[in-house]
Every structure is written in C-alpha cells, then in structure tokens.
Amino acid sequence: MFKTKIILFCSLMVFLTACSKEDAPETLPESSVTFQLAAGKDTLEMPVSILKDSLILLELKANLTAATSSDDHWVEFAVDTTKITEYRNRFGNALVLPTSAYLFHKQMTRIPAGSTVSESAELNIGQQTKLTEYSTYVLPVVIKSVDGKPEGAASSRVIYYVFKTGKPLFVSKTGWTIEDFSSQTGTFAPTTLLDANNLTTYWASNIQQQMPQWVTINFNREVTFLSLNYYIPTALRYPTLGGYPTSIKIETSTDGITWTDKGTYAGNIADNMQSIAVGPTTASYLRFTALAAVKYAAAYDAIFISGIALVP
C-alpha cells in the first residue's frame, strides 16, 4: 500500500511538471522586448500647462524584435528614477517628476500570440498646478520584466518622458520672506501673507497706530509679473467690519534700497480680493502700503490683509 502511494505521488508530480512546462510561454531571445519607438529615440517631450489640473493619458507599447511567438507574453513597465542621472549627464539639469503627478493606471500589458506589438499600457499625468513654472521635469520609464522575469527578454532601454512647464497662474512664493513691516496686532504676523491660505489667516496692523501701514516682501530672487492681487480675510465680512484699504501704494526694487513707484490705486475689492495691474515689472522686492483704510469696527485705524500674490 505504501509503495502504491509513492508511485501515485511520483506520477502526479511528473504530470504537474509536464503541465507546467506546457503552460509556460516559450523563452524569448535576450533583449528582444523593447519599447515601440523608433530606434535611437529615447526622449518624448511635451509642453505642460500648470494653470489648471487636468488628466493627461499617455499610452506606451512594447515591441517584440524577434519573430512572432506562438504564446502570449506579459510585459511590465515601471518608473526608474535612478536613470535621471544619465539624463542629466546627456541633456542638462532637470527635475524628476514628483510621484504626486503621475500614476500607472495600467502597468502590465500583453503581447498576444502571433503579434510583435503589445496592447497599450496607460500612464496618467495630473496635478500640474503643483509643478514649478518654466522647469523641465523628467519621468524615466523602463521595462521592468517580461513574463515575470526582470532579465533576459527585457531590453535595458530607457524612455524619458520630458515635461516642460510654462507660465503659472501665480508666481511661486517659494523662498519669499518678509523683509520689514510697519506694525502688527498680537500674533497676526505679516508672514501669513506668504502662506497658501487667503481666507482665514491674516496680517493685522496695530490697532493703536494710524495709517499708513506697510509691508516689504523680499522675493530672494528676481521675479517678473504684470499685476498684484491682495486678499482680505472672510472674518471681516466685507464691508461690514471695515479694516480694508481704500488707497494702496505699490513700490518695487531690485536691491531693497532704490525704489520704483508703481502707482497709487483706489481700493476696489470684490469677492474678498483686488487685482492691481502694475504693468510689466521685474523686481526682487515689493512694498505694499495702505495709505488709507475704512476704520475697523468704526473705531480703529488698521488693515487686515490675508494674502499677496503676483500674476505673471
């Protein structure tokens, strides 16, 4: 009985092994699976608008350079950020596209039996508004495996998706600092002008002081813009509580010493903000001065500003 069980077990193993060999796809020649892209081409460049977020769908296919196979073969694509060094050495400085801006919707694809071209893999690009203006971003893509094997049929070729950003909705505030300011009330510091919240956080000038009240921003680089937006907090319930400017002076400087008068403008707030067109301007510093304001709570000379932004 024991010998019978051993014989049956061995027969079963032989049968399973034979089935496994029959089910396994034929072995493809080394480096015979590559990208379906013209030989010698390894960059795909496209402009990307960062004015709004939108879904960009990229399709990529694998190509079998050997003769067609009688079996299906599965190809897996992947992002390999270590390849950015090679790109920089060849083409110059570039940023790696952040993981928040891409997603492999379909990473695995099939080369059908009898065909040399795979079905499409799908790579989604989005969240463009979080990218930096006038920058080059690169996403290196490789063939990670063929039929689950990282070596052998998979070519070592790299394809670089190159995304070049243009004009932003607003000039980036990265690196901006408050150089100087006239006064503040409590903890309502002018640094809140530089955060991303234009509704609730705000700078409040000292309610015991009179107009004018001002703040100087150091961009810590040279920026170019056409207009300036300033925002007032929703807590003022505009125009109920006052505390908003009625006359604003804008000055700019390239060195923080010599200033250029960009004009004096009447307050004209709508939807808790006002846009002031100052014309083409290149500067490293900005001085925003409230020359006059509606009294806060009908009693105090003060302004409450929740944000300042520059429009290119």
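The values are calculated or read from the model by the stated rules, or taken from the named source; none is laboratory data. Owing to the predicted nature of the structure, the values given are computational and were not obtained by experimental measurement. All Cβ positions, even for glycine, are placed from backbone atoms using ideal geometry, and neighbour counts span all protein chains on display.
Worth a mention:
- Top-ranked residue of segment 55-75 - restricted to ones that are assigned to a strand (DSSP E or B) and more than 20 Å from the chain's Cα centre (by Cα), ranked as farthest from V142 (Cα to Cα): H73
- Of residues in segment 76-130 being among the β-branched types (V, I, T) and within 17 Å of L37 (Cβ to Cβ), the one nearest to the chain's Cα centre (by Cα): V79
- Scan of segment 255-312 for residues that are assigned to a loop (DSSP other than H, G, I, E, B), in contact (Cβ under 8 Å) with a residue 12 or more places away in the chain, more than 16 Å from N229 (Cβ to Cβ) and among the β-branched types (V, I, T), ordered by number: V294
- So E133, is it assigned to a loop (DSSP other than H, G, I, E, B), surrounded by fewer than 16 Cβ atoms within 10 Å (Cβ to Cβ), within 32 Å of the chain's Cα centre (by Cα) and in the same structural domain as A94 (by TED's automatic domain parsing): yes
- Residue tally, condition farther than 15 Å from Y160 by Cα and buried (at least 20 other Cβ atoms within 10 Å of the Cβ), over segment 110-127: 3
- Hey, A78 assigned to a loop (DSSP other than H, G, I, E, B), closer than 20 Å to R157 by Cα and either touching a Leu at 6+ places or on another chain (Cβ under 7 Å) or modelled with pLDDT of 95 or more (or both) or not: no
- The one condition from (1) closer than 26 Å to S172 by Cα; (2) in a strand (DSSP E or B) that T246 does not meet is (1).
- Conditions (1) part of a loop (DSSP other than H, G, I, E, B); (2) modelled with pLDDT of 95 or more; (3) within 20 Å of the chain's Cα centre (by Cα): number failed by K52: (2)
- Residue count for segment 167-220 satisfying the condition of being touching a Pro at 6+ places or on another chain (Cβ under 6 Å), farther than 22 Å from T234 by Cα and of a type in the set (A, V, I, L, M): 2.
- Within segment 81-130, being in a strand (DSSP E or B) and small (G, A, S) holds for one residue alone: A121.
- Residues that are polar (S, T, N, Q) and out of contact with any Ser or Thr (no Cβ under 7 Å at 6 or more places or on another chain), drawn from segment 127-153: T129, T136, S145
- Unique match (being modelled with pLDDT of 95 or more, hydrophobic (A, V, I, L, M, F, W, C) and in the same structural domain as T34 (by TED's automatic domain parsing)) among A189, A121, A204: A121
- Flag: D261 does not match the condition of being surrounded by 14 or more Cβ atoms within 10 Å (Cβ to Cβ) and assigned by TED's automatic domain parsing to the domain that holds P245.
- From A235, A153, A196, A189, residue being in contact (Cβ under 8 Å) with a residue 40 or more places away in the chain, small (G, A, S) and out of contact with any Asp or Glu (no Cβ under 7 Å at 6 or more places or on another chain): A235
- Subset of segment 146-161 [of a type outside the set (D, E) and buried (at least 19 other Cβ atoms within 10 Å of the Cβ)]: V146, A153, A154, I159, Y160, Y161
- P25 vs. criteria modelled with pLDDT of 95 or more and either under 18 Å from S145 (Cβ atoms) or surrounded by 13 or more Cβ atoms within 10 Å (Cβ to Cβ) (or both): no
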